[in-house]
Every structure is written in C-alpha cells, then in structure tokens.
1. Quick one: compute a quarter of the convex hull surface over the Cα atoms of the chain and quote it in nm².
2. How do I80, I62 line up, fewest other C-beta atoms within 10 Å first?
3. Where does the charge balance sit around A106 when Lys and Arg score +1, Asp and Glu -1, over other residues with C-beta under 10 Å from its C-beta?
4. Take I35, I110 and order them by how many other Cβ atoms sit within 10 Å, fewest up front.
5. Using only alpha carbon positions, build the gyration tensor of segment 50-112, then give the equivalent ellipsoid semi-axes as the square roots of 5 times its eigenvalues, largest first, whole angstrom.
6. Using the charge dipole of segment 55-112 (Lys, Arg: +1 at Cβ; Asp, Glu: -1 at Cβ; taken about the Cα centre), state which of P98, I63, G76 has its Cα farthest towards the positive end.
7. Fewest Cβ neighbours within 10 Å first, please rank V109, V25, V83 accordingly.
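Nothing in this text is a laboratory measurement; each read-out follows from the coordinates by a stated rule. All values reported here derive from a predicted model rather than from experimental measurement. Counting neighbours? That spans all protein chains shown, and the Cβs are built from the backbone with ideal geometry, glycine included.
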Amino acid sequence: MSEKTKKVRYECTMCGACCRWKGDVCITDEEVVSIARFLGMDEATFIDECCRLRANRQGLSIIDQEDGSCMMLVDGKCRINPVKPHQCKGFPNEWSFPGWRDLCQAREVIEI
C-alpha cells in the first residue's frame, strides 16, 4: 500500500490534555442549549456561570479554571463529554497546533 492511499486520523483516548491548554473553547448558540440542558441548567444561568466572551469578542467561550484548564474538566474527565462542543470533538483531526502530539495521547488510526 502506498503512502498516498493512507489517511491518518486520530481517536480520542480521553486523556484530558487538550482540556488543559489555555485558550478559547468556542461554543455556538446551539451548543449553549444542549450543554445547559445536559447540565440541568437554564440557558441564562449556564451563560452567566460557565461562559465568557471570547478573546476576539466574536462569541462565547467556556470559562477557564485558575490553572487555565477548561472548567468542564473535573477529576481528569470532561463532565460534558456527550455534548461537548464541536471544537472539542474535532481535535486533533479538524484543528491542531505545533506541539500538540507531545502532550496529547490520541491514538493514531490509519484509514485506507
């Protein structure tokens, strides 16, 4: 099989490393609704208690803990994993940054 026919994809191992990086965890209006419902909160309370304005002021982001990790990371696990934002679901296949492989324990899967 040639290298050209192989496609590398990564599967999350739920190591939580990506949840510990500082930065915006962007959430859409639809994600606000599903996350709030999952947490048993009304949307306004979820926004007030769990969200902040993104650094670029273009929408909402989940609040960071004091150490910079996502506030939804509890005991090393994402407490909203079943309804986590698209940004989180897409890492590292849809977005990544230099050095992510040094920290993330995602499993490499070769697709044909």
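1. For the Cα atoms of the chain, the hull's average projected area reads 8.3 nm².
2. Going from sparsest to densest Cβ surroundings: I80, I62.
3. +1
4. I110, I35
5. Largest first, segment 50-112 gives 23, 15, 13 Å.
6. Farthest towards the positive end: I63.
7. The order, fewest Cβ neighbours first, is V109, V83, V25.
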